[in-house]
Every structure is written in structure tokens, then in C-alpha cells.
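A short worksheet on the structure shown next.
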Amino acid sequence: MKMMLLLFLLFIVVPIAELYVIIKVAQNTGVFNSILLLILVSFIGAWLVRAQGIGIIQKIKTQLTMGQIPNKELVDGGLVLFAGALMLTPGFITDALGLLLLFPLTRPIFRGLIISRFKQKTLIFGNPNIKERKKNNSRNSFFFYRNDQGRIIDLHADDNGEVHPPESQDD
């Protein structure tokens, strides 16, 4: 049900709102000026996406060379990528949201929302402290590596390439 509501908002409500805002801006500034403004904002947005993207890539490279995992920078890269898509979409509302995602002062707000959402939805490496709060239903997930019995299942192949059935071993 949530997905249907999201798709409805994305494909019906947002374009209608964009058209309404474009028409209001065109009535106040003129059709030519509003089209020029949309094109100008798209070019400025593309330039900002490029500049912010290069900066984020440099931060990622720096952290990787220092042996650190660039968690924050990877989320920022995704936000800048999404901002670029919004900036190329014609409309003032999507451009405003894209600019909010591009500015380094407002991006941490969105980054915090995304990180907190992922922390609620994932159980990383079977953390025993979270078992009381929520049971993990995503056993096929990348983040879940233990089975219900707490045993590690070892899959291995012979030197000649034959795969043996899994062997169960206790910790």
C-alpha cells in the first residue's frame, strides 16, 4: 500500500504540482523568461553536481588510501547523484529539492535521515544486542550471515573443482 501511494505521488501529484508552479511563474515573469529560468537552473545544477561529485570522489579516494571506509561520502555521492537527476528534470520544485541535496550545509540533514532509515531496516552481522528489539526477517540479506542455530555453514570445493554439500560446524 505504501508503494502504491509513493508511486501515485511520484507520477501524478508531482507533475501536476510542477505544471502548476511553472504556469504561475510564467504568468508572473512571462513564458520566455520562465523557460529561460528553467534552462539556466538546469545548467547551474549540472555544474554544481559536477563540482560536488568531484569533491566527493576525492574525499572517497583519500579515505580509501588511509584505510578507512568512506560511509558518509558514499551516502553523499548517492545524494548528489539523485540531486543531478532532479536538476535535469524540468520544474521548479524538483530543482529546489535538487539544490537542497547539493548544498553541503543541507545535505547532512538528508544523509542523517537515510542513515537512520538503513539502521532501522538492517541487522548488520547478527548483532546480539538487537535480538530483543526486532527479529531479522531478511535471511537472504547481505548483512545476515548466521543461521538460526548459530552455526556457520562452510561451503568449499575440492582442488579438482567438485563442490561438496555444505558441512555444518559449531562455533
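Things worth noting here:
- Once the Cα-Cα distance is subtracted from the 0.36 nm per residue extended length, the THR29 to ASN71 segment shows a gain of 10.8 nm.
- Phi-based couplings in Hz for region 25-40 (Karplus 6.51, -1.76, 1.60; Gly and Pro marked x): 5, 5, 5, 7, 10, x, 5, 4, 5, 5, 5, 4, 5, 4, 5, 4
- Which listed pairs, of LYS72/LYS121; LYS2/LYS24; LYS2/LYS121, have C-alpha distances above 25 Å, in listed order: LYS2/LYS24
- Integer Hz, Karplus 6.51/-1.76/1.60 couplings in order for region 70-79, x for Gly and Pro: x, 4, 4, 5, 5, 5, 4, x, x, 5
All of the numbers you see were taken from the coordinates with simple rules; none came from a lab. Fair warning: this is a prediction, and the values are worked out from it, not measured in the lab.
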